[in-house]
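> What follows is a single structure, and I will ask about it in a moment.
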Amino acid sequence: MLIRFSVENFLSFKDEVELSMIPGKVRSHKHHVISDGKSRGIKALKAAVLYGANASGKSNLIKAMDFARNLIVTGRRPRELILVRPFKFDTDSENKPSQFEFEFKCNATFFNYGFVADAEKIHEEWLYEITPSSEKSIFERETTAEGETTVEFGTIKYANPDDREFLRFTGRGTRPNQLFLTESIERGLHYFEAAYNWFNEILVIVFPQSRPVGLESELTNKVFNQTFQTILDLFDTGISGIELLELGSDEDMPRSIRTFRDQFQKGTDQDAIIQGPDGRYLLSRYKENEIRVSKFMTLHRVKGETQPVLFEVNDESDGTQRLFDLIPALMELRNTERVFVIDELDRSLHPHLSYKILELFLNSTTRLQSQLIVTTHESRLLDFDLLRRDEIWFLEKDSEGRSSLYSLEEFNIRDDMDIRKGYLLGRFGGIPIIKNLTEAG
């Protein structure tokens with residue numbers, strides 16, 4: 001689970017901003033708080049909902065998380081630039097490095113991991129184990145002006161004496177443009193694997209254009225299919241089923257899909273999900289050199305037909321197609337411990353559906369350490385029956401292009417206040433300032 005994320009000098013964030021999942025003094029919705037069962041343990045909220053005008057910095061905060069995650073998980077090739085994007089509305093900031101920091105829990109351990117980087121090198125990098133009262137250094141890395149990497153290690157239980165020297169050798173051999181955490185995993189060292197795996201497996205970031213990885217391949221799983229259908233029924237989509245239609249001849253598929261099938265890597269065991277001009281396709285290997293091509297279809301009951309009729313996915317509404325992207329995330333959150341960060345939750349969705357997604361998540365994951373962080377413009381979510389005040393955040397950009405981030409918890413408001421009305425009236429900021437039409441003329 002995520003405890004905190006902070007970023008400085010990246011995109012519209014000139015100064016450091018921090019998204020904290022630590023509960024405030026709110027007493028409502030106690031089931032929204034994740035606890036490890038210890039009286040002095042570190043607790044975290046299950047959700048955060050971020051509001052702000054267009055270009056206020058909502059998506060930039062998600063992009064900052066995504067940039068850091070990708071750098072950790074994929075690394076950089078030799079002499080490849082780090083595609084960091086510092087704040088550009090100040091020449092001093094444009095020439096300074098950017099900083100990213102995460103506090104999170106993986107398994108039973110709490111970590112603090114962060115780094116400072118510019119386009120050419122990682123200036124600093126650190127990993128600490130944290131408790132409610134202290135921090136213990138695991139490693140601290142610095143890169144000198146000459147490009148030499150030095151890593152200082154804390155208390156580590158080595159499996160054998162050779163690992164101690166290999167770890168130090170790996171530290172010295174880490175390229176300036178590469179994170180040491182990433183390099184250690186690539187070298188087969190597993191001492192920091194728990195921290196790396198949190199970014200690789202637990203933190204999932206979904207943008208509006210994202211597609212659910214593996215949705216089509218999971219449809220062959222009966223339990224997945226039934227649960228997916230149950231949620232579709234809950235959201236009243238009118239779809240009576242989902243199905244993979246196997247295509248038997250080249251005439252049944254677009255040329256682009258045939259081309260991809262012919263180029264599909266021989267010998268791979270992995271399925272491929274392809275967005276075609278008329279829908280989504282699954283390419284899967286069922287014999288050594290043969291590829292099965294299936295198309296994702298929906299089923300509808302049609303008057304006059306005894307059996308449900310197949311429909312193209314592209315015939316469904318934008319809102320329904322958006323649900324196809326979000327339901328797999330919701331299913332994972334209900335069954336596994338994940339942190340899903342979704343940019344523009346309400347894209348193409350009716351307000352009731354956005355509300356229902358959050359409500360379903362919060363009420364069906366009380367025993368899991370899964371979390372949902374979303375950006376939205378949907379003001380109907382501003383409801384104390386749904387959210388705590390420390391789960392509601394606002395972003396605002398000033399006249400100098402700097403984004404700030406703050407919580408509703410910082411305002412002194414009554415529990416019976418209509419916060420939706422207060423937000424729309426501009427009491428909390430985070431809304432667009434629209435000039436009078438006569439001024440625009």
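> Where does the stretch 43-142 land on Rg/Rh, using Cα atoms and the Kirkwood Rh? Walk me through the numbers before you get to the answer.
On the way: Rg = 15.7 Å, Rh = 15.7 Å.
Taking Rh as the inverse mean 1/r over Cα pairs, Rg/Rh reads 1.00.
> A follow-up question, please. Let me have the relative contact order for the stretch 4-138, percent, based on Cα pairs under 8 Å that are six or more residues apart.
23
> Separate question: Could you give the length gained on full extension between VAL313 and HIS300, defined as 0.36 nm per residue of separation minus the Cα-Cα distance, in nm?
In short, 3.5 nm is gained.
> Okay, next question. Going from most exposed to least, what order do LYS222, LYS295 have by accessible area with a 1.4 Å probe?
The ordering from most to least exposed comes out as LYS222, LYS295.
> Please report, in debye to the nearest 20, how large the charge dipole of the chain is about its Cα centre when each Lys and Arg carries +1 at its beta carbon and each Asp and Glu carries -1 there.
Computed charge dipole of the chain: roughly 680 debye.
> Return the long-range amide H neighbours of GLN178 (sequence gap of 5 or more, or a different chain), with a cut-off of under 5 Å between placed amide H atoms.
The list, which skips near neighbours in sequence, is ILE122.
> Something else about it: Once the whole set of protein chains is in place, how much accessible area is left on SER133, using a 1.4 Å probe, in Å² to the nearest 10?
Accessible area, nearest 10 Å²: 100 Å².
> Could you tell me the distance between the Cα centroids of the stretch 294-335 and the stretch 374-426, to the nearest Å?
Taking the Cα centre of the stretch 374-426 as reference, the centre of the stretch 294-335 is 34 Å away.
> Between PHE89 and THR150, what FRET efficiency follows from the Cβ-Cβ distance if R0 is 30 Å, with the result rounded to 0.05?
Numbers: r = 34 Å, r/R0 = 1.14.
It comes to 0.30.
> Okay, next question. List the trypsin sites (Lys or Arg not before Pro) within the stretch 1-82 that fall in a DSSP loop (any state other than H, G, I, E or B) and whose Cβ has at most 16 other Cβ atoms within 10 Å.
LYS25, ARG27, LYS38, ARG40, LYS43, ARG79
> Provide the gained length on full extension for the span GLU120 to ARG172, in nm with one decimal, where the gain is 0.36 nm per separating residue minus the Cα-Cα distance.
Here the segment from GLU120 to ARG172 would lengthen by 17.0 nm.
> Mind checking which lysines have their C-alpha under 17 Å from LYS46, skipping anything on the same chain fewer than 8 residues away?
By straight Cα distance, LYS46 reaches LYS25, LYS30, LYS105, LYS356.
> Determine the sum of side-chain charges near GLN226: Lys and Arg each +1, Asp and Glu each -1, restricted to other residues whose C-beta is under 14 angstrom from that of GLN226.
Values: positive: LYS222, ARG334; negative: GLU218, ASP233, GLU243.
Net of charged neighbours comes to -1.
> Which of ASP415, ASP118, ASP262 moves most in a GNM of the chain, Cα contacts under 10 Å?
Of ASP415, ASP118, ASP262, the Gaussian network model singles out ASP262 as fluctuating most.
> Express in Å², to the nearest 10, the accessible area of MET21 obtained by rolling a 1.4 Å probe over the protein heavy atoms while all chains stay in place.
Counting only protein heavy atoms, the figure is 0 Å².
> Continuing with this model, one more query. Using a probe of 1.4 angstrom, how much of the accessible area of the chain is carbon and sulfur, in percent?
For the chain, the apolar C and S fraction of the accessible surface comes to 45 percent.
> Can you give the accessible area of THR306, probe radius 1.4 Å, in Å² rounded to 10?
So the heavy atoms of THR306 present about 120 Å² to solvent.
> Give the calculated FRET efficiency between ASP385 and LYS136 to the nearest 0.05, with a Förster radius of 35 Å applied to their Cβ-Cβ distance.
0.25
> For the peptides 159-169, 224-234, what is the packing order when you average, over each peptide's residues, the other Cβ atoms within 10 Å and list the highest mean first? Write out the running numbers ahead of the final one.
Details: 159-169: 12.3, 224-234: 15.9.
Ranked from most to least packed, the peptides come out as 224-234, 159-169.
> With the other protein chains left in place, how much accessible area per residue, in square angstrom, belongs to the stretch 307-413 at a 1.4 angstrom probe? Write out the running numbers ahead of the final one.
Values: 4310 Å² over 107 residues.
Roughly 40 Å² per residue, with all protein chains present.
> Something else now. Sorted by mean Cβ packing within 10 Å, highest first, what order do the peptides 357-369, 146-158, 331-343 take?
On the way: 357-369: 17.1, 146-158: 12.5, 331-343: 19.4.
By packing density, highest mean first, the sequence is 331-343, 357-369, 146-158.
> What's the local net charge at LEU50, with K and R +1, D and E -1, over the other residues with C-beta under 11 Å away?
-2
> Can you put ARG280, ARG175 in order of accessible area, largest first, using a 1.4 Å probe? Could you put the intermediate results ahead of the total?
Numbers: ARG280 10, ARG175 60 Å².
Largest accessible area first, the residues go ARG175, ARG280.
> Using a Förster distance of 35 Å, how high is the FRET efficiency between ARG292 and HIS350, based on the Cβ-Cβ distance and rounded to 0.05?
0.45
> Which ³J(HN,Hα) values in Hz, rounded to whole numbers, follow from the phi angles of the stretch 193-205 under the Karplus curve 6.51 cos²θ - 1.76 cosθ + 1.60, where θ = phi - 60° and Gly and Pro get x?
5, 4, 5, 4, 5, 4, 6, 7, 10, 8, 7, 10, 10
> List every residue whose amide H lies under 5 Å from the amide H of GLN371, counting only residues 5 or more places away in sequence or on a different chain, with H placed 1.01 Å from N in the peptide plane.
The list, which skips near neighbours in sequence, is ARG338, VAL339, PHE340.
The values are calculated or read from the model by the stated rules, or taken from the named source; none is laboratory data. The structure displayed is predicted, hence computed values, not measured ones. So basically every Cβ, Gly included, is an ideal-geometry build from the backbone, and we count neighbours across all protein chains shown. With ligands, DNA and RNA removed, areas are computed over all heavy atoms of the protein, side chains included. Shrake-Rupley method; radii C 1.70, N 1.55, O 1.52, S 1.80 Å.
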